[in-house]
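The values are calculated or read from the model by the stated rules, or taken from the named source; none is laboratory data. Since this is a predicted model, take the numbers as computed values, not measurements. No Cβ is skipped: glycine too gets one built from the backbone with ideal geometry, and neighbour counts run over all protein chains shown. With ligands, DNA and RNA removed, areas are computed over all heavy atoms of the protein, side chains included. Shrake-Rupley method; radii C 1.70, N 1.55, O 1.52, S 1.80 Å.
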Amino acid sequence: MTLLSEYYVPGLHIEDRSIKVPLDWAGHEPGHGFDGESISLFYRVVTAPEHVHDDLPLLVFLQGGPGGSGPRPLGPSSDGWIEEAIKHFRVVLPDQRGTGRSSRVDTHVIEGMDGDGKAGAAFLKRFLADSIVRDFEHLRRTEFGGARWVTLGQSYGGFLTLTYLSLFPQGVIVSFTTGGIPHVPADATDVYRHTFPRMAAKTKQFYERYPIDIERAAAVADILQSRKVTLPNGDPLTVERFQCLGSDFGMKPSFERVHWILDQAFLDGDGSASTSAELSDEFLSSVMDATSSRPLYWPLQEFIYANGELEAPICWAAQRVRGEHPEFAGDIRPLNFTGEAMFPWMFEQERALRPFKPAMDVLMEDTHFGTIYDADQLARNEVPLQAAVYFDDMYVDSGLQFDTLSRVGRSHYWTTNEFEHDGVHGSVVFKHLFDEALNRGDLEELF
């Protein structure tokens, strides 16, 4: 186990560690030696200061994403689930391969690959759930003596949870998920057919809360349609990119964040909405920051639904479904905002995504992917699974979550509309799930 550094942040003891894992897991088994090209897997072990020398059980956090790195905690109270978890566990915070300090992937890496996209496509397929979970299982077997651990999966981390329970259930004692049960069988088109109506509903709720923003959003869209506007990094600001401000609408306090971005959009007079006004530098900077993607987030977005051999290529599922919803057109008023959805224009307009375009064109026509879900194994699952399902979740449809959970053995769920998709970061959600599992006896071998 390579210890890179050891230190404290207020209320937490932290160890930074790293191991090597194979870039391509084909022909290799977690826990054993391997040959060929390797990459680094970075992780942190976080404990309460009073438990530094205690042999507490392990909880591994499966971060959201795709392309999400582990949390960088500011202290126990900065993230509600951490504050509760360190009372009972040593907490393991991995950076998923390609993110954070785990052999990070960005434009510099992709730009060095061949121009026809085939090498880039093959490379990106190594950063999906089947590889991520094998990394974590290798970490468990080699660095923690094979001790079984508890998993907590937030958002995409819940997708990873079902992959873990499909491939390596023997490594897990109990699983918790928050807003992240994927539909099995997986189908990107079906997912977007459920989520686009939710995007429209969220936009309606936003305008009901802030009616003044109907006029503001319309004025901005009219300006963008009438003349060329450029963001501070040189990217064009189009209506489609402006609509992507809605990708935050499934979190709290996203309505307020977008409201205050629109509040400072216009330069003239008192800053009221006007199609003849110039858009302010501060507004453009805020839109750029709010709509710029992490390097792997959009490139991998639709392939998290690619399970094994596909009957048909994914072929830009969100764009196809958007075409079924004319209410999202850029000239419709009130303007609808879009949610967590990836579109082809992103890889033409965004400087940070342009190098990925050749690989994306190849992947969108591909039908050969690794197995991430085993429906038969999930049906006979014996690992207790406790899920928080947010009834109004904009990103992961609650109805699809219920359908999957009905076919996963030993699964339980708590449904609530009190929280949005990021509810785990408060003080209630994880504690509720933990207490339910404890009262049910699912954690009996640990406590």
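Observations on the structure shown:
- Spin-label model, Asp190 to Glu37: label points 7 Å out along the Cα-to-beta-carbon direction sit 3.4 nm apart.
- Candidates Pro94, Pro66, Pro384: whichever shows maximal mean-square fluctuation once the chain is modelled as a Gaussian network with Cα springs under 10 Å: Pro384
- Accessible-area value, Ile332, 1.4 Å probe, nucleic acids and ligands omitted, Å²: 70
- Whole-percent carbon and sulfur share, accessible surface of the chain, 1.4 Å: 49
- Restricting the stretch 231-302 to GluC sites (Glu not before Pro) that sit in a DSSP loop and have at most 15 other Cβ atoms within 10 Å of their own Cβ leaves Glu278.
- Near the amide H of Phe266, within less than 5 Å, lie the amide hydrogens of Ser280, all on another chain or at least 5 residues away, with H placed in the peptide plane.
- The alpha-carbon positions of the chain define a convex hull whose volume is 145 Å³ per residue.
- Leu124 accessible area, assembled protein chains, probe 1.4 Å, Å²: 0
- On the beta carbon distance between Trp260 and Ser5, with R0 = 45 Å, the FRET formula returns roughly 0.75.
- Note on the chain: with a GNM built from Cα contacts shorter than 10 Å, the maximum mean-square fluctuation among Pro236, Pro295, Pro169 falls on Pro236.
- The residues of the stretch 188-368 expose, per residue, 41 Å² of accessible area to a 1.4 Å probe.
- Ellipticity at 222 nm from helices only: DSSP H runs of n ≥ 4 in the chain, each -39500 (n - 2.57), divided by the residue count, give -9500 deg cm²/dmol.
- Distance from the stretch 73-87 to the stretch 164-213 (C-alpha centre basis), Å: 24
- Normalised per residue, the accessible area of the stretch 82-181 is 27 Å², obtained with a 1.4 Å probe and no contribution from ligands, DNA or RNA.
- For the pair Asp24 and Thr107 in one chain, pulling the backbone fully straight at 0.36 nm per residue adds 27.9 nm over the alpha carbon distance.
- Each Cα pair of the stretch 58-195 feeds into the Kirkwood radius, which the Stokes-Einstein equation turns, at 20 °C and 1.002 mPa s, into a diffusion coefficient of 132 µm²/s.
- Highest mobility in the GNM of the chain, judged by mean-square fluctuation with C-alpha springs under 10 Å and restricted to Val428, Val46, Val396, is found for Val428.
- Taking the chain as the region of interest, the number of lysine pairs whose Cα atoms are within less than 19 Å, with members eight or more places apart or on different chains, is 6.
- For the stretch 379-387, putting each phi into the Karplus relation 6.51 cos²θ - 1.76 cosθ + 1.60 with θ = phi - 60° gives couplings of 5, 9, 4, 10, 8, x, 10, 10, 10 Hz, in residue order, rounded to whole numbers and with x for Gly and Pro.
- Accessible-area value, Lys20, 1.4 Å probe, nucleic acids and ligands omitted, Å²: 110
- Phi-based couplings in Hz for the stretch 436-445 (Karplus 6.51, -1.76, 1.60; Gly and Pro marked x): 4, 5, 5, 5, 7, x, 5, 9, 4, 6
- Computed lengthening from Arg72 to Lys228, 0.36 nm per intervening residue step minus Cα-Cα distance: 52.3 nm
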